[in-house]
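Read the structure below first, then the notes.
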Amino acid sequence: EGMTIVELSKRTGETIPYLQQILANIGESFDSEFEPISIDIAELIAMEIGINIRRLHSDEGAILLPRSPVVTVMGHVDHGKTSLLDALRQTSIAAKEAGGITQHLGAFVVSMSSGASITFLDTPGHAAFSAMRARGAAVTDIVVLVVAADDGVMPQTLEAISHAKKANVPIVVAINKCDKPDADPQKVKNQLVSEGLMLEEFGGDIQVIEVSATKGIGLDLLEEALLLQSELMDLKAQIDGPAQAFVVEARVDRGRGPLATAIMKSGTLSSGNRIVVGAEWGKIRAIRDMMGKVIETAGPSMPVEIEGLKGVPLAGDDVVVVHSDGRAKMLSAGRKSKVEEYRLNKKSSPKSVKFADNDEERENSIQIEMPIIIKADVQGTVQAVEDSLNSLNSSQVFLKIIHVGVGAISQSDVDLAQACNACIVGFNIRNPVSSVAFAATKANIKICVHRVIYHLLEELGNLIVERAPGTF
Ligand code: GDP
């Protein structure tokens with residue numbers, strides 16, 4: 001008890017006016033920045049600025065125990081990310097008990113005979129990773145970089161490497177499709193080395209495993225490599241204390257209402273806990289493990305399905321336990337009004353929007369806006385694209401949709417984009433005619449045309465990370 005806003009500002013590195021703004025958002029007001037605030041309120045503020053609340057507690061007596069690694073699979077399209085995840089999922093107990101059929105819930109756990117286990121995020125690719133990182137969720141401990149032995153290092157391989165490096169997440173390489181007659185794992189290794197990856201057999205510390213996802217070869221070696229990597233990292237988490245987790249997927253079930261799959265980072269989540277998840281809140285009605293079994297509590301690195309939220313959160317949202325319904329409601333309302341505020345701003349001043357031009361500006365801005373123009377083949381698709389782009393929004397990044405339309409990308413779209421420094425998104429339409437494409441290039445306007453929503457999100461996710469590097 002007894003911390004003042006001044007002290008909190010010193011300890012968090014945030015400015016006093018900003019902290020006061022947060023207090024106002026959660027419905028608390030203080031006359032003086034020297035007035036002591038309760039630990040409860042300090043905790044809420046800490047949540048709002050996304051710092052680990054336990055930093056504010058004394059850590060004395062906190063018991064840290066080893067936890068399992070959380071792994072994301074990345075790599076170039078068609079190199080076998082999905083196949084590898086499928087194959088790994090088949091080695092999990094859940095799959096065995098369910099006769100090989102498991103529901104896609106965003107994550108699964110592979111348990112080894114040694115008792116150790118590995119949690120895999122079940123969404124391959126860079127979109128999920130970028131979106132989550134853009135939202136500040138450091139949920140992944142290790143990246144499995146999949147490279148096809150017959151194709152070698154490709155653009156998205158490099159992209160994955162750069163993502164992992166920027167996020168400071170170690171890589172374990174899986175050279176896939178080694179069953180193919182034209183597989184050349186050695187060539188892949190040489191390519192990776194020339195891209196600056198310090199592979200083990202060249203004296204570095206990056207492990208390389210040769211696998212075949214479709215033939216099921218080398219999966220056990222890959223799992224062992226991941227465990228070894230995680231031992232080296234000495235992953236630990238506090239078991240007791242309030243839970244912290246990250247949402248990896250969320251949906252609505254007709255009967256059970258909003259459901260969120262979350263990966264536990266630390267602490268213990270219990271049925272009945274009041275939680276705030278992004279801008280949503282609720283009292284946990286049920287926690288299920290990945291086999292769909294209802295459990296009373298969940299600990300670090302476990303993927304769990306949470307039932308009892310009032311609304312659907314977004315991937316990358318943090319799950320934090322609070323003490324009462326009142327607090328939960330307040331915080332959720334504060335966050336919602338913040339989102340609403342940006343929506344309203346959007347209508348008033350489309351011309352004033354711009355990207356942060358330099359690092360300083362980036363660091364000072366709370367949320368970076370990316371103005372977007374959407375063009376698609378039919379109205380229904382426009383709506384679908386708009387909805388999925390909204391899923392990339394976070395407290396750090398806001399995709400501000402300034403114009404939507406049906407049909408080809410035209411000169412007037414480019415003009416508008418130029419006026420607003422916007423990026424143009426085309427879905428299920430042709431690339432713009434050459435004169436329009438040329439005008440866009442000249443004006444330095446990014447045009448992303450895709451036919452698969454996943455690819456669109458992937459490209460935008462990367463763009464977000466590129467333009468808002470201060471956000472993770
Ligand atoms: P992703 O785009 O990275 O998710 O790649 P997919 O998992 O969809 O795989 C792309 C194609 O490669 C599919 O046709 C797979 O059947 C094939 N494939 C994946 N892994 C292997 C493998 O280990 N060996 C062979 N021969 N084919 C593979």
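Within the stretch 65-85, which residues are among the charged types (D, E, K, R), surrounded by fewer than 24 Cβ atoms within 10 Å (Cβ to Cβ) and near the ligand (Cβ under 7 Å from one of its atoms)? Across the stretch 65-85, the qualifying residue is only 78. The number of residues in the stretch 281-332 being more than 22 Å from residue 19 (Cα to Cα), acidic (Asp, Glu) and not in a helix (DSSP H, G or I) comes to 4. So, residue 147, is that one within 19 Å of the chain's Cα centre (by Cα) and either surrounded by 19 or more Cβ atoms within 10 Å (Cβ to Cβ) or over 25 Å from residue 67 (Cα atoms) (or both) or not? So residue 147 does not fit the description; no.
Selection within the stretch 193-214: residues that are in contact (Cβ under 8 Å) with a residue 40 or more places away in the chain and over 26 Å from the mean Cα position of the chain (by Cα). The member of this set that is surrounded by the fewest Cβ atoms within 10 Å (Cβ to Cβ) is 214.
Candidates are the residues of the stretch 291-325 that are closer than 16 Å to residue 250 by Cβ and of a type in the set (A, V, I, L, M); the one that is surrounded by the fewest Cβ atoms within 10 Å (Cβ to Cβ) is 312. Filter the stretch 150-168 down to the residues that are free of Cβ contacts under 8 Å to residues at least 40 places away in the same chain and assigned to a loop (DSSP other than H, G, I, E, B), then identify the one that is surrounded by the most Cβ atoms within 10 Å (Cβ to Cβ). Ranking the candidates gives 152 first. Considering only residues in the stretch 428-440 that are in a helix (DSSP H, G or I) and among the polar types (S, T, N, Q), the one that is surrounded by the most Cβ atoms within 10 Å (Cβ to Cβ) turns out to be 435. Among the numbered conditions (1) in a loop (DSSP other than H, G, I, E, B); (2) at pLDDT below 60, the only one that residue 54 does not meet is (1).
Inside the stretch 176-214, can you point out the residues that are small (Gly, Ala, Ser) and within 16 Å of the ligand (Cβ to nearest atom)? Once the filter is applied, which keeps residues that are small (Gly, Ala, Ser) and within 16 Å of the ligand (Cβ to nearest atom), the stretch 176-214 yields 183, 212, 213. Taking residue 217 and the conditions (1) within 16 Å of the ligand (Cβ to nearest atom); (2) buried (at least 24 other Cβ atoms within 10 Å of the Cβ), which numbered condition does it fall short on, given that it satisfies the others? Failed condition: (2). One residue stands out in the stretch 441-454 among those that are without any contact (Cβ under 8 Å) to a residue 40 or more places away in the chain and under 30 Å from the mean Cα position of the chain (by Cα): the one that is surrounded by the fewest Cβ atoms within 10 Å (Cβ to Cβ), namely 444.
The values are calculated or read from the model by the stated rules, or taken from the named source; none is laboratory data. Please read these numbers as outputs of a predicted model, since none were measured by experiment. Methodologically, a virtual Cβ is constructed for each residue, glycine included, from the backbone with ideal geometry; neighbour enumeration extends over all protein chains shown.
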